[in-house]
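To keep things clear, I will list the structure first and then write my remarks on it.
The values are calculated or read from the model by the stated rules, or taken from the named source; none is laboratory data. This one's a predicted model, so the numbers in the text were calculated from it and none came from an experiment. All Cβ positions, glycine included, derive from the backbone under ideal geometry; neighbour counts span all protein chains shown. Each accessible area value is taken on the protein alone, full model and side chains, heavy atoms only, with ligands, DNA and RNA left out. Shrake-Rupley method; radii C 1.70, N 1.55, O 1.52, S 1.80 Å.
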Amino acid sequence: MSTLSAGRRIAFSLITLALVVATIELAMIVFEPLLFRGFYQYDPDLGFRVRPHAGGSNRFGFNDRDYPLHKPAGAYRVMVLGDSFNWAGGRRGNYATLLEQTLQARFGAEQVELINAGYPMTHTAEQLKLLRKFGMRLEPDLLVLAFFMGIGFYDADPQRKRIVVNDT
């Protein structure tokens with residue numbers, strides 16, 4: 001066996017392997033909405049997001065109810081961007097909901113809306129993309145960025161694109 005033919009076989013094997021992996025990756029992206037109905041879904045801009053109306057989420061996948069895109073007249077709208085801490089306590093017991101209840105008790109339910117916007121496994125750069133894609137449509141008057149030091153800074157690679165398939 002000559003060195004040239006061994007080199008060709010290795011190159012052919014590596015090219016074949018790369019094509020197989022690329023085909024599987026493409027198939028998972030294309031068929032993910034059909035095959036997987038878990039908590040997360042693929043998003044071309046964010047890498048992944050919480051599936052709309054999964055686990056009590058709203059149409060944007062936030063751990064909150066749906067809000068009209070245009071805020072009611074006279075209402076002050078606060079948006080809290082964050083990570084998995086926005087999900088701790090469920091939809092009714094998380095810190096953003098408790099803050100909203102406190103503000104509404106003080107100023108009136110019609111005066112204050114607090115939108116709990118955030119996805120688990122995200123950091124500040126991904127939350128900025130989330131704000132641009134979904135959050136600004138809701139016309140917030142005030143934006144609060146809540147972050148955990150470990151994920152918010154340590155894992156905050158702005159070029160990272162995490163893709164979650166079948167909830168993993």
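Details
- Expressed as a whole percent, the accessible area of region 1-126 that falls on carbon and sulfur atoms is 68 (1.4 Å probe).
- Total charge dipole magnitude, region 33-80, about the Cα centre, Cβ charges on Lys, Arg, Asp, Glu only, Debye to nearest 20: 120
- Mean separation of Cα contacts under 8 Å (6+ apart) over length of the chain, as relative contact order %: 26
- For region 72-154, the per residue solvent-accessible surface stands at 52 Å², with DNA, RNA and ligands left out and a 1.4 Å probe.
- Using just its DSSP H runs of length 4 or more, each adding -39500 (n - 2.57), the chain gives a mean residue ellipticity at 222 nm of -11500 deg cm²/dmol after division by all residues.
- Base-10 log of normalised Debye intensity for region 1-90 (one unit scatterer per alpha-carbon) at q = 0.23 Å⁻¹: -1.17
- Region 99-115 - phi-based ³J(HN,Hα) in whole Hz, Karplus 6.51/-1.76/1.60, Gly and Pro as x: 5, 4, 4, 5, 5, 5, 5, 7, 10, x, 5, 7, 8, 10, 10, 10, 9
- Principal-axis analysis of the Cα atoms of the chain puts helix 124-133 at an angle of about 70° to the longest axis.
- The packing ranking of peptides 7-19, 76-88, highest mean first, is 76-88, 7-19, where packing means the average number of other beta carbon atoms within 10 angstrom of each residue.
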